[in-house]
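A short worksheet on the structure shown next.
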Amino acid sequence: MDQQTQPQQQTVPQQPPVQQPQAAPVSPAPEQKKKPVWPWILGGCLGIIIIGMLIMGGLAWWGAKKVGKALKENQPKLEEWQQKSQEWQKQMEKTQEMQKNLPQNSLPQ
(Lines give C-alpha, C1' and ligand atoms only; values in the text may rest on other atoms or scores of the structure.)
Protein backbone atom coordinates (compact mmCIF):
# COMPACT_ATOMS: atom_id res chain seq x y z
CA MET A 1 0.00 0.00 0.00
CA ASP A 2 2.77 2.30 0.54
CA GLN A 3 3.44 2.25 -3.03
CA GLN A 4 -0.04 3.17 -4.00
CA THR A 5 -0.43 6.08 -1.62
CA GLN A 6 2.73 7.68 -2.69
CA PRO A 7 2.59 9.21 -6.03
CA GLN A 8 4.87 7.70 -8.39
CA GLN A 9 7.86 9.79 -8.93
CA GLN A 10 9.18 9.76 -12.31
CA THR A 11 12.77 10.16 -12.54
CA VAL A 12 13.74 12.94 -14.76
CA PRO A 13 17.26 12.70 -15.93
CA GLN A 14 19.22 15.46 -14.29
CA GLN A 15 20.72 17.88 -16.72
CA PRO A 16 23.53 20.14 -15.72
CA PRO A 17 22.34 23.68 -15.01
CA VAL A 18 22.32 25.93 -18.03
CA GLN A 19 25.15 28.36 -17.82
CA GLN A 20 24.73 31.70 -19.36
CA PRO A 21 27.53 32.67 -21.64
CA GLN A 22 29.85 34.98 -19.84
CA ALA A 23 30.68 38.19 -21.55
CA ALA A 24 34.24 39.14 -21.95
CA PRO A 25 35.44 41.15 -18.99
CA VAL A 26 34.65 44.80 -19.55
CA SER A 27 37.80 46.79 -19.66
CA PRO A 28 37.62 50.39 -18.58
CA ALA A 29 37.15 52.86 -21.40
CA PRO A 30 40.43 54.15 -22.70
CA GLU A 31 41.27 57.44 -21.06
CA GLN A 32 40.76 60.32 -23.43
CA LYS A 33 43.46 62.88 -23.52
CA LYS A 34 42.43 66.07 -21.83
CA LYS A 35 42.14 68.83 -24.34
CA PRO A 36 44.05 71.98 -23.47
CA VAL A 37 42.08 74.86 -22.03
CA TRP A 38 44.07 77.69 -23.64
CA PRO A 39 42.27 77.52 -27.05
CA TRP A 40 38.99 78.18 -25.22
CA ILE A 41 40.53 81.08 -23.33
CA LEU A 42 42.01 82.58 -26.50
CA GLY A 43 38.74 82.06 -28.35
CA GLY A 44 36.82 83.82 -25.57
CA CYS A 45 39.25 86.74 -25.56
CA LEU A 46 39.06 87.01 -29.34
CA GLY A 47 35.27 86.96 -29.16
CA ILE A 48 35.26 89.74 -26.56
CA ILE A 49 37.63 91.82 -28.72
CA ILE A 50 35.47 91.36 -31.81
CA ILE A 51 32.29 92.27 -29.91
CA GLY A 52 34.05 95.33 -28.48
CA MET A 53 35.18 96.42 -31.93
CA LEU A 54 31.65 96.04 -33.28
CA ILE A 55 30.28 98.13 -30.42
CA MET A 56 32.93 100.81 -30.93
CA GLY A 57 32.27 100.89 -34.69
CA GLY A 58 28.54 101.18 -34.09
CA LEU A 59 29.04 104.04 -31.64
CA ALA A 60 31.40 105.83 -34.04
CA TRP A 61 28.90 105.50 -36.89
CA TRP A 62 26.05 106.73 -34.68
CA GLY A 63 28.15 109.65 -33.41
CA ALA A 64 29.20 110.65 -36.93
CA LYS A 65 25.57 110.72 -38.09
CA LYS A 66 24.57 112.72 -35.02
CA VAL A 67 27.38 115.27 -35.53
CA GLY A 68 26.55 115.57 -39.24
CA LYS A 69 22.91 116.24 -38.43
CA ALA A 70 23.86 118.85 -35.80
CA LEU A 71 26.22 120.59 -38.26
CA LYS A 72 23.51 120.83 -40.88
CA GLU A 73 21.01 122.23 -38.38
CA ASN A 74 23.45 124.76 -36.92
CA GLN A 75 25.28 125.85 -40.08
CA PRO A 76 23.86 129.44 -40.02
CA LYS A 77 24.88 129.87 -36.38
CA LEU A 78 28.37 128.55 -37.12
CA GLU A 79 28.82 131.04 -39.95
CA GLU A 80 27.69 133.87 -37.68
CA TRP A 81 30.14 132.77 -34.96
CA GLN A 82 32.93 132.57 -37.51
CA GLN A 83 32.25 136.15 -38.66
CA LYS A 84 32.19 137.39 -35.07
CA SER A 85 35.45 135.63 -34.29
CA GLN A 86 37.09 137.25 -37.34
CA GLU A 87 35.85 140.66 -36.16
CA TRP A 88 37.23 140.03 -32.67
CA GLN A 89 40.53 138.93 -34.18
CA LYS A 90 40.76 142.20 -36.12
CA GLN A 91 39.93 144.21 -32.99
CA MET A 92 42.64 142.31 -31.06
CA GLU A 93 45.20 143.12 -33.77
CA LYS A 94 44.25 146.84 -33.67
CA THR A 95 44.52 146.85 -29.88
CA GLN A 96 47.95 145.24 -30.00
CA GLU A 97 49.14 147.79 -32.57
CA MET A 98 47.89 150.64 -30.40
CA GLN A 99 49.75 149.20 -27.42
CA LYS A 100 52.96 149.05 -29.44
CA ASN A 101 52.57 152.73 -30.43
CA LEU A 102 52.18 153.91 -26.82
CA PRO A 103 55.32 155.38 -25.31
CA GLN A 104 57.09 153.02 -22.93
CA ASN A 105 57.28 155.41 -20.00
CA SER A 106 53.75 156.75 -20.22
CA LEU A 107 52.65 154.99 -17.06
CA PRO A 108 52.95 157.12 -13.90
CA GLN A 109 55.27 155.81 -11.25
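The values are calculated or read from the model by the stated rules, or taken from the named source; none is laboratory data. Source: prediction; values computed, not measured. Using ideal geometry, Cβ is built from the backbone for each residue, glycine included, and neighbour counts are taken over all protein chains shown.
Residues are listed down the side, and each one gets a yes or a no for (1) loosely packed, with under 10 Cβ neighbours inside 10 Å; (2) modelled with pLDDT under 75; (3) part of a helix (DSSP H, G or I); (4) more than 38 Å from the chain's Cα centre (by Cα):
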site: VAL26; (1), (2), (3), (4): yes, yes, no, yes
site: PRO36; (1), (2), (3), (4): yes, no, no, no
site: GLY43; (1), (2), (3), (4): no, no, yes, no
site: GLY52; (1), (2), (3), (4): no, no, yes, no
site: ILE55; (1), (2), (3), (4): no, no, yes, no
site: TRP62; (1), (2), (3), (4): no, no, yes, no
site: ALA70; (1), (2), (3), (4): no, no, yes, no
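Please state which of the following conditions GLN83 fails to meet, knowing it meets all the rest: (1) in a helix (DSSP H, G or I); (2) within 39 Å of the chain's Cα centre (by Cα).
Only one criterion is unmet by GLN83, namely (2).
Identify, by number, the condition in (1) more than 40 Å from the chain's Cα centre (by Cα); (2) loosely packed, with under 10 Cβ neighbours inside 10 Å; (3) of a type in the set (A, V, I, L, M) that MET92 doesn't meet.
(2)
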